[in-house]
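Input: a single structure, listed below in structure tokens.
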Amino acid sequence: MNITNKLNLPEEIVNAVKSNSGNRKNYSASMLIQTPRMIWLRRRHFSEISEDVTDRIWALFGTAVHTVLSQNENTKSITEEYLKHEFEDGTVISGMADIYNDGKISDWKVKSVWNVIYFDDNLKFELESQLNCYAFLFRKSGFEVKELEAIFILRDWQKSKALYDKNYPQLQVVILPIKLWDKEEIERHIKFRINNFEKYKNIPDDELPECSLVDRWAKPGKWALMKKGRKRAIKLYDKKPDFELEKDFYLEERKGELFKRCEYCSASSFCNQYLNRDQEKDHKRKVKSNRI
């Protein structure tokens, strides 16, 4: 991967970012929530992919948090422990949970406030998948796992907003309990995801299965019923309503985002689905997940 520095940031930042951008050959816990298209395009074009330093600043903050955690003096805790497991067919799954302490796995993440405000089924699935993979790896290494949690450090949290908005996160650190799957379910999930990646290993780039609306974090467009003097919508509609509006009311169209995740995908410039996104015609379909 080529790291550019368009804004001429200090060399120390550039070097720190470069040290955190390696190419993995095995499957990691975080990869389980990706798609075959994302996995293989990134691996095949890794040496051609370019990212600017500015695009990786928040990832660097996350690394800094993990570095601090690794200096934890609690002798009962295991921090930043890299674990891996090889299956019968030779494929390997690996992961590194932030903290393991007395049967509890804790994973720290630097996130935006909006990840908490708009916490949805997709983010819930991603957290469950990743942390249950850690549970699988710790159990395979002889440890008991009884509890999982994700700890969000909200990078853009504002105390002033928390004071007057009860729906805004009241603290800058939010702890989310994560459901622990049973052992058979975890292993079945991991094997299914890895097998789904492997079967497309030799498929040409343009023939890789397309990412679904759910995979792309797609948000369909909405029509908002608004009232003059009020900032928030009174009601949202999937299509433009045809009723007559009363005085001081108006409709506001809110455009959908069909390729939101693609904006963060480093392989998007090699993806024919993304490059041909203007031809997308499926924005009226409901967003459904077919994940197992």
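Here are the numbers for this structure:
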quantity	calculated
Residues of region 29-59 satisfying the condition of being surrounded by fewer than 16 Cβ atoms within 10 Å (Cβ to Cβ) and either under 17 Å from the mean Cα position of the chain (by Cα) or modelled with pLDDT under 70 (or both)	SER30, ASP55, ILE57, TRP58, ALA59
VAL110, sole failed condition from (1) over 22 Å from LEU60 (Cβ atoms); (2) touching a strand residue (DSSP E or B) at 6+ places or on another chain (Cβ under 8 Å)	(1)
Answer from SER112, SER106, SER129 - the residue that is of a type outside the set (D, E, K, R), within 25 Å of ARG216 (Cβ to Cβ) and crowded, with 18+ Cβ neighbours inside 10 Å	SER129
Residue among PHE136, PHE192, PHE143 that is touching an Asp or Glu at 6+ places or on another chain (Cβ under 9 Å) and of a type in the set (A, V, I, L, M, F, W, C)	PHE136
Where LEU123 falls short, out of the listed (1) farther than 16 Å from TRP181 by Cβ; (2) surrounded by 15 or more Cβ atoms within 10 Å (Cβ to Cβ); (3) touching a residue at least 12 places away in the same chain (Cβ under 8 Å)	(3)
Count of region 151-177 residues which are free of Cβ contacts under 8 Å to residues at least 60 places away in the same chain and part of a strand (DSSP E or B)	8
Looking only at region 10-25, and only at residues there that are in contact with a strand residue (DSSP E or B) (Cβ under 9 Å, 6 or more places away or on another chain) and assigned to a loop (DSSP other than H, G, I, E, B), the one that is modelled with the lowest pLDDT	SER21
Matching residues, region 140-150, being touching a helix residue (DSSP H, G or I) at 6+ places or on another chain (Cβ under 7 Å) and either outside any loop (DSSP other than H, G, I, E, B) or surrounded by fewer than 11 Cβ atoms within 10 Å (Cβ to Cβ) (or both)	LEU148, ALA150
Total residues in region 178-229, condition among the hydrophobic types (A, V, I, L, M, F, W, C), part of a loop (DSSP other than H, G, I, E, B), out of contact with any Lys or Arg (no Cβ under 6 Å at 6 or more places or on another chain) and farther than 30 Å from LEU251 by Cβ	3
Test: residue in region 238-255 that is aromatic (Phe, Trp, Tyr), surrounded by 10 or more Cβ atoms within 10 Å (Cβ to Cβ) and in a loop (DSSP other than H, G, I, E, B)	no
Restricting region 265-292 to residues that are at pLDDT 85 or above and within 11 Å of ARG216 (Cβ to Cβ), the residue that is surrounded by the most Cβ atoms within 10 Å (Cβ to Cβ)	CYS271
Options GLY90, GLY95; residue that is part of a loop (DSSP other than H, G, I, E, B) and either touching a strand residue (DSSP E or B) at 6+ places or on another chain (Cβ under 7 Å) or of a type outside the set (Lys, Arg) (or both)	GLY90
Single residue of region 70-95 satisfying the filter (crowded, with 17+ Cβ neighbours inside 10 Å and modelled with pLDDT of 90 or more) that is farthest from PHE152 (Cα to Cα)	HIS85
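The values are calculated or read from the model by the stated rules, or taken from the named source; none is laboratory data. Quick caveat, the model's predicted, so the values are computed rather than measured. Ideal geometry is used to build each Cβ from the backbone, glycine not excepted, and the neighbour counts take in all protein chains shown.
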